[in-house]
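In what follows, a structure is listed as structure tokens, so that the remarks can point back to it.
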Amino acid sequence: MSSNIIALIFFFLFSHSFATSNNVELNFIQCLINSTQLTTPISGSVYTQANSSFSTVLQAYIRNLRFNESTTRKPALIITALDVSHVQASVLCAKEHKLLMKTRSGGHDYEGLSYVADRNFFILDLFNLRSINVSIEDETAWVQTGATLGELYYRIAEKSSTHGFPAGVCPTVGVGGHFSGAGYGNMMRKYGLTVDNIVDAEIVDVNGRLLNRESMGEELFWAITGGGGVSFGVVISYKINLVRVPASVTVFQVRRTSEQNVTDVAYRWLQVADKLDENLFIRMVFDVVNDTNGAKTIRASFPSLFLGNTTTLITIMDQSFPELGLKPSDCQEMNWTQSVLWYYNFPPGSPDSTLLSRTPRSLVHLKRKSDYVKKPISKQGLGFIFKKMVELERPGLTFNPYGGRMAEISEFAKPFPHRAGNIAKIQYALDWNENGVEAANRYINLTRVLHEYMTPFVSKFPREAFLNYRDLDIGVNHNGKNSFLEGTVYGVKYFKETNFKRLVKVKTMVDPDNFFRNEQSIPTLPFLRK
């Protein structure tokens, strides 16, 4: 059947959509169907707003309900790519017809940047590109960017009980955004970040070419291993080095409140968390709870992973962090995949196959922000912070410890620069269940107030932030004549000045017309554009 006949059939099937769409969308779809890039038909992978499955496909990977309101702008269409040729055709046709493209893998981006825009756009959804090929013989794996972390962990565990990968603890996070933005997990003090263990990649560039590390060159490879892949192309897959884990690891979770000297324990954590044995990762999480008298108080939780046995762990803690009061009865030993399930609060005894679920355990409206701590906070300072948190009631703080391998890697090795000199990264978190803009503004403002209050206690000049905790509060790019200056505002916070400038040069080289863009994309140098 000729491509023209296929186009006519497709036109008939979606005639209602065309009647209400502009010519850009119509021409774009016709371009897709007639594309010489295609190795398999694409018509079944295109969902317009007239399609009965459109809302289901759109909402399947919306992880922040703040961007699933009736007032949220919807994409003109969604392309659920089945192979690389669909990606190539989408890029080339979108470029030809000047239609904004948003690339989505897992949808966990905090500001919804993979499925929200302020103008006409479409989503290139990669959830079908999820193959994982593990080779225990050479301790590597190729993983496509539409796979989830849980799927990756499960496929590694199928082949070996003593191998893993240092990525996040949320199993439904997509590989694409997590890897390209320098995702981290409980083994980062031992093995570094995802990007520190990536050795190759495949990317479709702005010209529709499928490139690997050799053909893309070291500059572009550097950029997509920590600089955010969507600014430079569509990353199809990453080749990773697996890491070795003990057959049995140890986890524990202890909590302390104001009635249990929480300030002293938190102060000591800030003194030692980045200096402990690199096999030990102890998070510190603060939230507001009621004490035994019903009054608001601060609770500190310490969910932790140790790549070793309980006896060794207790010895380390007795010597370095006795203030926590860890006891053998607080500890549990299990294999590494079970520790992931434990850490994410799955019921005890959940099978490893639980990692294969792509459905989050809950969906909420949320706001996240980030900071870096370079100097220990005094007990007095902690007291001020706790008082403010009790006053605000809702926002929580999570401190993730650095040190170990994180302090050994150069800040220029990857775009991610937050290495030596950092005690911890802070995540500000607030979840809510109320719909509507008014509720969102109220809760978001609470996180902003706490973030502002923390100014004296965190990094300065610039006040640094973590790319994978996307936060539009710290800057937005309108992609106009001031795009470079706007990009610099958030760029130096995410990457510091040297790495940001290098990323801009790479962006200008590989995408001079700035086809790949979003509200916080890497800008091009205006005077070097075509």
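The values are calculated or read from the model by the stated rules, or taken from the named source; none is laboratory data. Computed from a prediction, not measured in an experiment: that's the story for all the values here. Note that each Cβ is placed from the backbone with ideal geometry, even for glycine, and that neighbours are counted across all protein chains shown. Accessible surface is based on the protein model in full, side chains and every heavy atom, while ligands, DNA and RNA are left aside. Shrake-Rupley method; radii C 1.70, N 1.55, O 1.52, S 1.80 Å.
Here are some notes:
- Subset of the stretch 108-134 that is in contact (Cβ under 8 Å) with a residue 12 or more places away in the chain, out of contact with any His (no Cβ under 9 Å at 6 or more places or on another chain) and not in a loop (DSSP other than H, G, I, E, B) - its residue that is farthest from ILE444 (Cα to Cα): ILE132
- PRO395 being open to solvent by less than 40 Å² (accessible area, probe 1.4 Å), over 28 Å from GLY227 (Cβ atoms) and not hydrophobic (A, V, I, L, M, F, W, C): yes
- Being open to solvent by 20 Å² or more (accessible area, probe 1.4 Å) and over 30 Å from HIS365 (Cβ atoms) is a description that applies to LYS460.
- Of the helices (runs of 4 or more DSSP H) lying entirely inside the stretch 294-411, those containing at least 2 residues that are under 21 Å from TYR267 (Cβ atoms) are 310-320, 379-392.
- Count of the stretch 206-252 residues which are within 30 Å of ASN309 (Cα to Cα) and part of a loop (DSSP other than H, G, I, E, B): 5
- Taking the criterion of being within 17 Å of the chain's Cα centre (by Cα) and open to solvent by 20 Å² or more (accessible area, probe 1.4 Å), the residues of the stretch 415-430 that qualify are GLN427, ALA429.
- Residues being at positive phi and in contact with a helix residue (DSSP H, G or I) (Cβ under 6 Å, 6 or more places away or on another chain) - total across the stretch 441-491: 1
- Only listed residue being open to solvent by 30 Å² or more (accessible area, probe 1.4 Å) and either assigned by the TED database to the domain that holds GLY228 or free of Cβ contacts under 8 Å to residues at least 60 places away in the same chain (or both), chosen from GLY480, GLY487: GLY480
- The residue pairs whose first member lies in the stretch 47-76 and is over 24 Å from ALA439 (Cα atoms) and open to solvent by less than 20 Å² (accessible area, probe 1.4 Å), whose second member is among the acidic types (Asp, Glu) and at pLDDT below 95, and whose beta carbons are closer than 9 Å, counting only pairs six or more residues apart or on different chains, are THR48/GLU25; ALA76/GLU25.
- The single condition among (1) in a strand (DSSP E or B); (2) of a type outside the set (A, V, I, L, M, F, W, C); (3) outside the structural domain of GLY403 (by the TED database); (4) in contact with a helix residue (DSSP H, G or I) (Cβ under 6 Å, 6 or more places away or on another chain) that ARG256 does not satisfy is (3).
- Just one of (1) over 30 Å from PHE286 (Cα atoms); (2) among the polar types (S, T, N, Q); (3) open to solvent by less than 30 Å² (accessible area, probe 1.4 Å) fails for ASN241. It is (3).
- Taking the criterion of being in a loop (DSSP other than H, G, I, E, B) and crowded, with 19+ Cβ neighbours inside 10 Å, the only residue of the stretch 77-90 that qualifies is ALA81.
- For beta carbons closer than 7 Å, sequence separation of 6+ or different chains, a first residue in the stretch 402-422 that is more than 14 Å from MET188 (Cα to Cα) and a second that is among the β-branched types (Val, Ile, Thr) and modelled with pLDDT of 95 or more, the qualifying pairs are PHE412/THR498; LYS414/VAL195; LYS414/THR225.
- Residue list for the stretch 273-293, filter: surrounded by 19 or more Cβ atoms within 10 Å (Cβ to Cβ) and closer than 30 Å to ARG394 by Cα: ALA273, ASP274, LEU280, PHE281, ILE282, ARG283, MET284, PHE286
- Test result for ASP352, over 30 Å from GLU434 (Cβ atoms), open to solvent by less than 60 Å² (accessible area, probe 1.4 Å) and of a type in the set (Asp, Glu): yes
- Pairs, first under 12 Å from LYS369 (Cβ atoms) in the stretch 443-458, second open to solvent by 50 Å² or more (accessible area, probe 1.4 Å), C-beta under 6 Å, six or more apart: LEU446/ARG394
- So THR297, is it in contact with a Leu (Cβ under 7 Å, 6 or more places away or on another chain) and of a type in the set (Val, Ile, Thr): no
- When the stretch 109-126 is filtered for residues that are open to solvent by 30 Å² or more (accessible area, probe 1.4 Å) and within 16 Å of GLY229 (Cβ to Cβ), only ASP109 remains.
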